[in-house]
Ligand code: AMP
Ligand code: MG
């Protein structure tokens with residue numbers, strides 16, 4: 001299959017209209033379109049068409065028990081898809097929609113099992129990104145979309161990442177530039193009595209607590225589950241975001257971190273090593289293979305570049321990667337959640 005790549009141009013509404021019309025035709029005939037959102041690129045199909053949704057799992061190599069998020073472009077679409085919208089769900093929607101928050105509700109029968117991964121709940125998001133909204137609106141149906149990467153690889157934050165992973169396997173890519181936040185959406189389960197954070201993201205736990213003070217946190221958010229334990233967001237049990245290199249996180253004060261990584265570089269000098277560093281530390285390493293992920297002063301820069309840097313590790317062919325760790329508060333919770341998975345939970349704590 002040839003993958004068509006169409007680039008949106010927000011100075012040219014005529015062109016954009018033609019792009020969305022063409023993309024909607026693909027979706028409405030059961031095809032797959034990758035599209036930008038403010039979090040990462042999504043791989044979309046008609047969420048109400050089980051046969052179309054199945055193709056997403058095939059293209060990504062995604063396990064079939066890992067459900068997708070259904071994306072809407074108007075809050076009015078919600079009622080047809082879900083049962084029981086609780087008062088706290090309403091409050092969260094009012095505070096954070098449209099935006100990088102996914103809510104899990106009890107589903108109505110219209111949602112096929114392929115979209116919900118066989119669960120009786122469904123995850124719904126109303127993205128803020130203008131291109132995403134225009135695309136969904138043009139399709140006229142909710143769009144089921146996981147991240148548009150090969151399963152297990154870092155999520156795509158640029159159209160070129162999608163092309164690298166999925167070229168020839170999907171019908172179309174809408175290129176809308178790079179994603180603003182760069183981490184997948186925060187997921188909160190609002191299907192029970194108390195809301196529960198299933199996956200941290202750019203809407204932080206601190207922000208959620210202001211609206212829902214009794215929110216709980218699923219164990220999988222902080223660390224690895226024991227054998228046999230099941231996370232509430234099925235996707236959280238899979239290895240993720242992994243570059244080909246072996247990745248280790250080193251966490252402690254900035255000075256200790258740099259010193260420890262330098263001694264690890266010496267120890268591993270027979271291997272091709274890389275360091276994922278920050279603006280504050282980049283000049284302290286005894287190697288040229290330093291990738292700067294962002295500045296500690298603005299963690300949102302780190303979130304936005306994280307997946308791009310993990311992909312770069314493969315591009316440069318690093319065998320071993322040392323990455324600096326961050327405190328697990330505010331956006332740091334989501335950043336560390338993704339890094340820990342990329343590192344297979346290999347972490348050296350220097351201040352313990
Ligand atoms: P992705 O967009 O690729 O990150 O994949 C969607 C994520 O949403 C996965 O981690 C899923 O496990 C999670 N998810 C989707 N639907 C549900 C649901 N009904 N309940 C809990 N988690 C869900
Ligand atoms: Mg994903």
| field | For the chain, built as a Gaussian network whose Cα springs stay under 10 Å, the top-fluctuating residue of 256, 55, 232 | value | 256
| request: Output the peptides 203-209, 83-89 sorted from most to least packed, where packing is the average of other Cβ atoms within 10 Å over each peptide's residues. | output: 203-209, 83-89
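When a footprinting reagent is the concern and you count Cβ atoms within 10 Å, what order do 210, 328 take, fewest first?
Ordered from fewest to most neighbouring Cβ atoms within 10 Å, 210, 328 come out as 210, 328.
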| Pick from 314, 227, 120: which is most flexible by mean-square fluctuation in a GNM of the chain where alpha carbon atoms under 10 Å apart are linked? | 227
| What base-10 log of the normalised intensity I(q)/I(0) is obtained for the stretch 239-352 from the Debye formula, alpha carbons as equal point scatterers, at q = 0.11, 0.15, 0.17 Å⁻¹? | -0.29, -0.56, -0.73
| query | So what are the three principal axis dimensions of the stretch 227-274 from its Cα atoms, in whole Å, longest to shortest? | reply | 40, 26, 18
| task | Please pull out the direction-averaged projected area of the chain, using the convex hull of its alpha-carbon atoms, in nm² to one decimal place. | result | 17.9
| message | Can you tell me, using C-alpha contacts under 8 Å and at least 6 residues apart, the relative contact order of the stretch 179-276 as a whole percent? | response | 16
| task | Return the tail of the calculated pair distribution for the stretch 1-97, meaning the percent of Cα-Cα pairs more than 15 Å apart. | result | 71
| query | For the stretch 80-200, what is the convex hull volume of the alpha-carbon atoms per residue, in Å³? | reply | 125
| task | For residue 256 and residue 348, calculate 0.36 nm times their separation in residues minus their Cα-Cα distance, and state this gained length in nm to one decimal. | result | 32.0 nm
| Roughly speaking, what is the stretch gain from residue 94 to residue 230, that is 0.36 nm per residue apart minus the C-alpha to C-alpha distance, in nm to one decimal? | 45.9 nm
| request: Kindly work out what percent of the DSSP beta bridges joining two residues of the chain are antiparallel, to the nearest 5. | output: 40
| request: Please work out, to two decimal places, the log10 of the ratio I(q)/I(0) at q = 0.09, 0.10, 0.19 Å⁻¹ from a Debye calculation in which every Cα of the stretch 6-160 carries one identical scatterer. | output: -0.26, -0.32, -1.20
| Given the Cα-Cα distance of residue 286 and residue 271 and 0.36 nm per residue of separation, how much length would full extension add, in nm? | 4.0 nm
| note | Assertion target for 161, 298, 240, 268, ordered by fewest C-beta neighbours within 10 angstrom first, is 298, 268, 240, 161
| Taking N as its residue count, the alpha carbon Rg of the stretch 179-294 over 2.2 N^0.38 Å | 1.37
| query | Relative contact order, percent, of the chain when contacts are C-alpha pairs under 8 Å separated by at least 6 residues? | reply | 19
| Helical contribution to [θ] at 222 nm, DSSP H n ≥ 4, -39,500 (n - 2.57), averaged over the chain, rounded to 500 | -9500 deg cm²/dmol
| message | Between 0 and 90 degrees, rounded to the nearest ten: what's the tilt of helix 50-60 against the longest Cα principal axis of the chain? | response | 20
| message | Applying a 10 Å radius around every beta-carbon, put 9-22, 121-134 in order of their mean neighbour count, most first. | response | 121-134, 9-22
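The numbers here are math on the coordinates, done by the rules we state, and not lab data. A quick note: this is a predicted structure, and the numbers were derived from the prediction, not measured. With ideal geometry, Cβ positions are generated from the backbone for all residues, glycine too; neighbour counts draw on all protein chains shown.
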